[in-house]
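Report on the following structure.
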Amino acid sequence: MKEGYVRHYQFVGIGLLGILLASGCAGKGERIDLKVPIVSQADEKVVAMSSATVAIQPFEDDRTDRSHLGTRYHLWGGESHFSLPSGTLGYATAQAFADYLKGKGWNATVANGAVEADMTITGKLVDVGVDAKNGIGQTSLNAKNRMVVQVMNHADGSQVRETLTSTGTNQVFWFDPEDAQELLNELYNKNFEKFVTHTKLDGKILKLR
């Protein structure tokens with residue numbers, strides 16, 4: 001092999017190694033903001049399915065570690081943490097839930113404290129987060145979302161309680177915070193979809209199917 005080609009391959013190898021080192025080490029110890037949850041809805045006119053009013057209270061945050069939303073483990077050691085840019089996860093969850101239900105034709109709003117409504121939804125966040133582990137040439141992402149949702153029907157005093165759980169994984173070559181954000185939001189939407197699938201509105205009362 002000619003000397004020029006040898007040097008060319010050496011430079012390519014050194015360049016690739018430098019890129020891998022940079023992707024594995026850059027940003028260690030930093031806070032990585034995730035805008036969650038963001039509910040994806042089709043851009044179309046929504047037809048109201050019921051006149052029943054739904055008040056959603058900010059969710060209680062019962063996670064074991066409420067300091068962040070997960071961890072990015074860097075290739076050559078060290079960690080960075082995922083966090084919300086502002087506000088609380090409990091309020092963000094309630095807002096996303098209300099947006100999702102409105103997209104399905106529900107008359108839902110977020111409420112702080114007692115308000116007049118046909119039903120009130122409260123909830124607890126049990127385990128919500130996403131982890132990213134950098135490897136050579138790939139990043140593995142693992143996310144989880146476990147929440148408890150309780151509905152109080154004010155018309156007859158009945159209650160509906162559901163535990164909703166979703167998990168997900170993904171692998172990407174170059175890590176981007178949006179990868180973690182999209183995976184976590186996907187699980188939120190899955191849980192909201194499960195809630196709508198498992199329940200039905202009967203007039204101004206919510207029941208299990």
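In sequence order, what are the phi-derived ³J(HN,Hα) couplings for region 171-181 according to the Karplus relation 6.51 cos²θ - 1.76 cosθ + 1.60 with θ = phi - 60°, rounded to whole Hz, with x for glycine and proline?
For region 171-181, the Karplus-derived couplings read 10, 10, 7, 9, 6, 9, x, 5, 5, 5, 4 Hz, x marking Gly and Pro.
Go through region 58-65 residue by residue and turn each phi into a ³J(HN,Hα) via Karplus (6.51, -1.76, 1.60, θ = phi - 60°); whole Hz please, and just put x for glycine and proline.
x, 5, 6, 9, 9, 5, 4, 10
Cα centroid distance between region 163-201 and region 124-161, in Å?
8
Can you work out the Karplus-derived ³J(HN,Hα) for every residue in region 100-108? Use 6.51 cos²θ - 1.76 cosθ + 1.60 with θ = phi - 60°, whole Hz, and x for glycine or proline.
5, 5, 4, x, 9, x, 7, 9, 10
Tell me which residues come under 5 Å, amide H to amide H, from residue 71 once H is placed; ignore anything under 5 positions away on its chain.
82, 130, 131, 132
Take the solvent-accessible surface of the protein heavy atoms, probe 1.4 Å, and return the percent of it on region 163-209 that carbon and sulfur atoms account for.
Carbon with sulfur: 46 percent of the solvent-accessible area.
May I ask which of 35/204; 35/124; 133/194; 144/204; 124/207; 102/194 have a Cα-Cα span longer than 22 Å here? Mind dumping the intermediate values first?
Details: 35/204 33 Å; 35/124 20 Å; 133/194 29 Å; 144/204 32 Å; 124/207 20 Å; 102/194 15 Å.
Table pairs above 22 Å Cα-Cα are 35/204; 133/194; 144/204.
The values are calculated or read from the model by the stated rules, or taken from the named source; none is laboratory data. Here the structure is a predicted model, which is why all the values come from computation and not from measurement. Just so you know, the surface numbers come from the protein's heavy atoms only, side chains and all, with ligands and any DNA or RNA stripped out. Shrake-Rupley method; radii C 1.70, N 1.55, O 1.52, S 1.80 Å.
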